Amino acid sequence: MSARTIINMIRKVGYSYKKTFLHPKRNHKLRNEFIEKITTIDKDKLVFLDESGIEDNACREHGWSPKGERYYGEKAYQHKHRISMIAGLFNSNIVAPLIFEGNCNKAIFETYVKDILIKELRAGQVVVMDNINFHKNSKVKELIESVGASILFLPTYSPDLNPIEHYWFKIKHQIRKDTSNFTYFFDAVYHVLQKVTTLPA
């Protein structure tokens with residue numbers, strides 16, 4: 001995959017090129033090495049993996065109302081809680097999705113890899129993900145390598161090098177738009193993610 005291809009993928013999901021504000025802890029040598037390495041890998045072998053979460057405080061912050069009157073957002077649910085999502089991005093398609101309540105942890109991620117991810121992987125594919133601790137445990141590595149795939153970790157503080165981040169942005173934006181149509185927040189998340197992938201009924 002060339003650098004131009006990565007740029008085009010980012011533009012395709014609605015992002016434009018802007019001035020960069022550098023993260024003070026980024027290691028630019030490691031970032032350059034990662035970019036050089038990933039551009040040598042066939043794009044048909046890359047699976048970009050990531051987790052994301054959204055809370056049910058997603059009512060609109062702005063709206064139209066008569067002059068001099070407040071705008072009140074409507075929410076169809078009462079108790080704030082967090083919904084997490086895990087998925088891969090393969091050839092611009094969301095694959096191997098999982099939705100659950102709460103935050104991701106080592107046990108959940110291992111179960112996801114064992115029961116969902118490796119069933120979608122093929123020999124020779126490369127799973128690209130960040131280096132959070134529960135991604136780097138030996139069981140996850142063993143599971144992924146058991147189907148002939150391998151892992152490539154992103155450099156630290158470099159989510160911008162993972163194209164799925166831009167898909168999460170658009171997915172969460174759509175969830176916020178659709179939330180008021182559902183009684184349960186989980187159903188709103190499920191509905192939106194189902195539009196972009198195949199989820200079990």
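Each value in this text was obtained by applying a stated rule to the coordinates, not by laboratory testing. Source: prediction; values computed, not measured. Don't worry about glycine lacking a Cβ; one is built from the backbone with ideal geometry, like all the others, and counts go over all protein chains shown.
Of note:
- Distance from the Cα centroid of segment 142-201 to that of segment 98-129 is 12 Å (rounded to whole angstrom).
- Which listed pairs, of K114/K170; K141/K177; K106/K170, have C-alpha distances above 30 Å, in listed order: K141/K177
- ³J(HN,Hα), Karplus 6.51/-1.76/1.60, whole Hz, each residue of segment 112-127, x for Gly, Pro: 4, 4, 5, 9, 10, 4, 5, 6, 9, 7, 10, 4, x, 6, 10, 8
- Net charge of neighbours whose Cβ lies under 13 Å from the Cβ of F34, counting Lys and Arg as +1 and Asp and Glu as -1: 0
- Close amide-amide hydrogen proximity is noted between Q125 and S150, each under 5 Å apart and 5 or more residues distant or on a separate chain (H modeled in the peptide plane; Pro and chain starts excluded).
- Protection proxy ranking, highest mean first, for peptides 172-178, 84-90: 84-90, 172-178, where packing is the per-residue count of other beta-carbon atoms within 10 Å, averaged.
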